[in-house]
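These notes concern the structure reproduced below.
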Amino acid sequence: SHVGIDPDVLNARLRLPETAEHEGRLREQCKVGERIVVGGVEMLHPLQGAHIKLLAFQQLLENYPVWRKRLTLLQVCFPDKQRPEQSAQQSAENREVVRRIEEAFGPDTIRYFEVGAELDAKLWTKNTRLALFRAVDVLLNCAMKDGLNLLPFEYIHTKHSQQASGVVVLSEFVGCAHVLNGCVRIN
């Protein structure tokens, strides 16, 4: 047997009005069209790389002022139900970096959502995730350790079904980075 995405199920979800509504809200919040939107979905866990991504984004904006009005980072994090204390610590660290970015460069440079906080856990569905994939120009995953991650495949399928372009940037430590030979590998 194999592990993968189900294109028929994803296509059916992509056609739902709910998915289009979520996409519209994200596009408006992130000023899609005016800015390049870099997005990611990670668990609140130190090895998932969201914190490193936030720090790197802050450094990028500090070192390259030309990108301050051209980029938005859209980051969604969800708690690790097995390690709630660790998730709470990771959340606090992430929120501190987000606060610094917003303070220094304005609220349009970053959109940070946590499932269970800014995003109602009941509203964070596969359809919402597909809407996020439709809205972002670049999918960025900076995990330091990650096994099977199908989200890059979902992103590629979503962009392909729209006949839209998109870039996948993956840590070399994400299992699918070795299968997706068209992705940009980092770390």
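The values are calculated or read from the model by the stated rules, or taken from the named source; none is laboratory data. Worth saying up front: this structure is predicted, and the values here are computed from it rather than measured. Cβ: placed from backbone, ideal geometry, glycine included. Neighbour counts: every protein chain shown. Protein only, heavy atoms only, side chains kept; ligands, DNA and RNA dropped before computing areas. Shrake-Rupley method; radii C 1.70, N 1.55, O 1.52, S 1.80 Å.
Among the residues that make up segment 153-162, is at least one of them open to solvent by 40 Å² or more (accessible area, probe 1.4 Å) and aromatic (Phe, Trp, Tyr)?
Taking every residue of segment 153-162 in turn, at least one turns out to be open to solvent by 40 Å² or more (accessible area, probe 1.4 Å) and aromatic (Phe, Trp, Tyr).
For (1) open to solvent by 10 Å² or more (accessible area, probe 1.4 Å); (2) acidic (Asp, Glu); (3) in a helix (DSSP H, G or I); (4) without any contact (Cβ under 8 Å) to a residue 60 or more places away in the chain, each residue gets a yes or a no:
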{"residue": "Gln82", "(1), (2), (3), (4)": "yes, no, no, yes"}
{"residue": "Ser87", "(1), (2), (3), (4)": "no, no, yes, yes"}
{"residue": "Glu93", "(1), (2), (3), (4)": "yes, yes, yes, yes"}
{"residue": "Ile101", "(1), (2), (3), (4)": "no, no, yes, yes"}
{"residue": "Ala117", "(1), (2), (3), (4)": "yes, no, no, yes"}
{"residue": "Ala131", "(1), (2), (3), (4)": "no, no, yes, no"}
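Read through the list (1) within 26 Å of Cys176 (Cα to Cα); (2) modelled with pLDDT of 95 or more, then give the number of the only condition that Gly49 fails.
Of everything listed in (1) within 26 Å of Cys176 (Cα to Cα); (2) modelled with pLDDT of 95 or more, Gly49 misses just condition (2).
Which of the residues spanning segment 133-152 are assigned to a loop (DSSP other than H, G, I, E, B), under 15 Å from Arg185 (Cα atoms), hydrophobic (A, V, I, L, M, F, W, C) and open to solvent by 30 Å² or more (accessible area, probe 1.4 Å)?
Once the filter is applied, which keeps residues that are assigned to a loop (DSSP other than H, G, I, E, B), under 15 Å from Arg185 (Cα atoms), hydrophobic (A, V, I, L, M, F, W, C) and open to solvent by 30 Å² or more (accessible area, probe 1.4 Å), segment 133-152 yields only Met144.
Give segment 54-82 a look and list any residue that's under 18 Å from Leu119 (Cβ atoms) and out of contact with any Ser or Thr (no Cβ under 9 Å at 6 or more places or on another chain), or say none.
If the condition is that a residue be under 18 Å from Leu119 (Cβ atoms) and out of contact with any Ser or Thr (no Cβ under 9 Å at 6 or more places or on another chain), then Leu54, Leu74, Gln75 are the ones that fit.
For segment 47-60, which positions are surrounded by fewer than 17 Cβ atoms within 10 Å (Cβ to Cβ), in contact (Cβ under 8 Å) with a residue 40 or more places away in the chain and in contact with a helix residue (DSSP H, G or I) (Cβ under 7 Å, 6 or more places away or on another chain)?
Answer for segment 47-60, where residues must be surrounded by fewer than 17 Cβ atoms within 10 Å (Cβ to Cβ), in contact (Cβ under 8 Å) with a residue 40 or more places away in the chain and in contact with a helix residue (DSSP H, G or I) (Cβ under 7 Å, 6 or more places away or on another chain): just Leu55.
Let me confirm something: among Val38, Val76, which residue is among the hydrophobic types (A, V, I, L, M, F, W, C), over 18 Å from Leu150 (Cβ atoms), open to solvent by less than 80 Å² (accessible area, probe 1.4 Å) and not in a helix (DSSP H, G or I)?
Val38
What number of residues within segment 163-187 satisfy the criterion of being among the polar types (S, T, N, Q), open to solvent by less than 50 Å² (accessible area, probe 1.4 Å) and part of a loop (DSSP other than H, G, I, E, B)?
Count: 0.
Restricting the first residue to segment 149-176 and requiring it to be over 19 Å from Val32 (Cβ atoms), which pairs with a second residue that is polar (S, T, N, Q) and surrounded by fewer than 16 Cβ atoms within 10 Å (Cβ to Cβ) meet a Cβ separation below 8 Å and a spacing of at least six or different chains?
Close Cβ pairs satisfying both conditions: Ser171/Asn187; Glu172/Asn187; Phe173/Asn187.
Please identify the pairs in which a residue from segment 10-24 that is part of a helix (DSSP H, G or I) has its Cβ atom under 7 Å from the Cβ atom of a residue that is loosely packed, with under 13 Cβ neighbours inside 10 Å, counting only partners at least 6 apart or on another chain.
Note: pairs meeting the criteria are Arg13/Lys126.
Only one of (1) surrounded by 13 or more Cβ atoms within 10 Å (Cβ to Cβ); (2) at pLDDT below 95 is not met by Glu28, so which one is it?
Looking at each condition in turn, Glu28 falls short on (1).
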